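Below: the structure, in structure tokens.
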Amino acid sequence: MITLEDWALIRRLHVSERLPQAQIARELGISRNTVAKAIASTDPPSYSRVPVTTSFAPFEQQVRELLDGTWSMPATVLAERVGWTGSASWFRQNVAAIRVEYAPTDPADRIVYHPGDQMQCDLWFPAPKIPIGDGTAVILPVLVMVASFSKFITAVMIPSRTTADLLAGMWLLLAGQLGAVPRRLIWDNESGIGRGNHLAAGVNEFCGHLATRIHQLKAYDPESKGGVERINGCFETSFLPGRDFTCPADFNTQMGHWLPKANTRTVRALKARPVDLLDTDRAAMVSLPPLAPPVGLRLRIRLGTLTRPAHYSSVKSAQFSSVTDTAKMGHGRQVYAGRFMFHAHKTEFAELGWMGHFEVSA
């Protein structure tokens, strides 16, 4: 049998070059009958073995009947039932080839998300170390929240993964980037949110103010928040390369400029852009509360026991026998004593400053 290359050459010489069959046979050193068959054939030459009856064939029908009743029956049991005495590996190989015809349909399917129902939340730790105020550089977490229905992305770098900073970050994203509150916030077992269905201190109060709830996934269940996991991978490949950051505020500024572009891309699974589905998603969500929820690290201290470093020099008009609520947030710090409020000391996280509402006892 001639090769595929010889078949193509014979047809080219005869059809394009118009050489006679005898000349082609002479130049290629093959018989004229072979040349004639190649010219007459419209399909390239291929080798096919003549089917033969295997040793498994007499048992195949019995195996199929058993698999039709119990598709998962082991090959060893099938061999015993049909009386197979030949090679065990050959029997298993043939059974595996036909077992798939009787296996049930895979129950896995695409999850359907409803508008306004949930946002998937996760922490992403970008590799570059970010310079902070004391001159050191550290790896800081980025809070990422993705709306499951519209795939709308929100993200912000926060100071730490403590409960206070996680709640402050969630409020910043919901109020500043999304503009509404989903009915559920999906989290894994992040220690700052809670463990084992026991939420951390302050999380229930936060959810109560927003009229939402935290749903924590079981351990080893990353598929349930695969949307935000994929976005974390997208940050690694599409946002991070080629960027330098001078401080956390610079990181958030660059992220803020990039996110609108990311939310205007077409999601293949949706065949739509997140920004186009956002209004539908947001319409089914809960409205933002009129007052901000209590977020940040809150401590009640007596001013008389307060050690004042240099950056607290503004605390000098209050009576040091009074009790005050001190709130430390991701983007600012406020001190209240009675009806007197001191100014916020800005840091890299406080370009605009975060404000809260506190009930203060004097």
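The values are calculated or read from the model by the stated rules, or taken from the named source; none is laboratory data. Since we're looking at a predicted model, the values are computed, not measured. Glycine gets a Cβ as well: all are built from the backbone with ideal geometry, and neighbour counts include every protein chain shown.
Is it true that residue 208 is under 30 Å from residue 135 (Cα atoms) and either surrounded by fewer than 17 Cβ atoms within 10 Å (Cβ to Cβ) or touching a helix residue (DSSP H, G or I) at 6+ places or on another chain (Cβ under 6 Å) (or both)?
no
Take segment 223-239 and flag every residue that is farther than 10 Å from residue 144 by Cβ and β-branched (Val, Ile, Thr).
237
Within segment 139-164, count every residue that is of a type in the set (S, T, N, Q), over 19 Å from residue 183 (Cβ atoms) and not in a loop (DSSP other than H, G, I, E, B).
1
Only one of 75, 40, 97, 88 is of a type in the set (A, V, I, L, M, F, W, C), out of contact with any helix residue (DSSP H, G or I) (no Cβ under 8 Å at 6 or more places or on another chain) and farther than 30 Å from residue 25 by Cα. Can you tell me which?
Within the list 75, 40, 97, 88, the selection yields 97.
Identify, please: which residue in segment 121-138 is under 18 Å from the mean Cα position of the chain (by Cα) and in a loop (DSSP other than H, G, I, E, B) and is, among those, surrounded by the most Cβ atoms within 10 Å (Cβ to Cβ)?
126
Which condition does residue 221 not pass, out of (1) within 18 Å of the chain's Cα centre (by Cα); (2) farther than 13 Å from residue 155 by Cβ; (3) surrounded by 14 or more Cβ atoms within 10 Å (Cβ to Cβ), if it passes all the others?
(3)
Look through 50, 63 and report the one residue that is at pLDDT below 90 and hydrophobic (A, V, I, L, M, F, W, C).
That would be 50, the only listed residue that is at pLDDT below 90 and hydrophobic (A, V, I, L, M, F, W, C).
Of the residues in segment 165-198, how many are among the aromatic types (Phe, Trp, Tyr) and not in a helix (DSSP H, G or I)?
Total meeting the criteria: 1.
Assess whether residue 226 counts as being within 18 Å of residue 274 (Cα to Cα) and surrounded by fewer than 21 Cβ atoms within 10 Å (Cβ to Cβ).
Judged against the criteria, residue 226 is a match.
Conditions (1) in contact (Cβ under 8 Å) with a residue 60 or more places away in the chain; (2) among the β-branched types (Val, Ile, Thr); (3) not assigned by TED's automatic domain parsing to the domain that holds residue 132, marked per residue:
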residue: 169; (1), (2), (3): yes, no, no
residue: 173; (1), (2), (3): no, no, no
residue: 209; (1), (2), (3): yes, no, no
residue: 214; (1), (2), (3): no, yes, no
residue: 240; (1), (2), (3): yes, no, no
residue: 250; (1), (2), (3): no, no, no
residue: 254; (1), (2), (3): no, no, no
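Please name all residue pairs, on different chains or six or more residues apart, with Cβ atoms under 7 Å, provided the first residue is in segment 86-97 and is in contact (Cβ under 8 Å) with a residue 24 or more places away in the chain and the second residue is of a type in the set (Gly, Ala, Ser) and not in a helix (DSSP H, G or I).
Hits for this filter: 86/55.
One residue is enough: does segment 120-132 have a residue meeting the conditions small (Gly, Ala, Ser), touching a residue at least 40 places away in the same chain (Cβ under 8 Å) and in contact with an Asp or Glu (Cβ under 8 Å, 6 or more places away or on another chain)?
No, that holds for no residue.
Any chance you could count how many residues in segment 1-60 are of a type in the set (A, V, I, L, M, F, W, C) and either touching a strand residue (DSSP E or B) at 6+ places or on another chain (Cβ under 7 Å) or closer than 30 Å to residue 94 by Cβ (or both)?
Adding up the residues that qualify gives 6.
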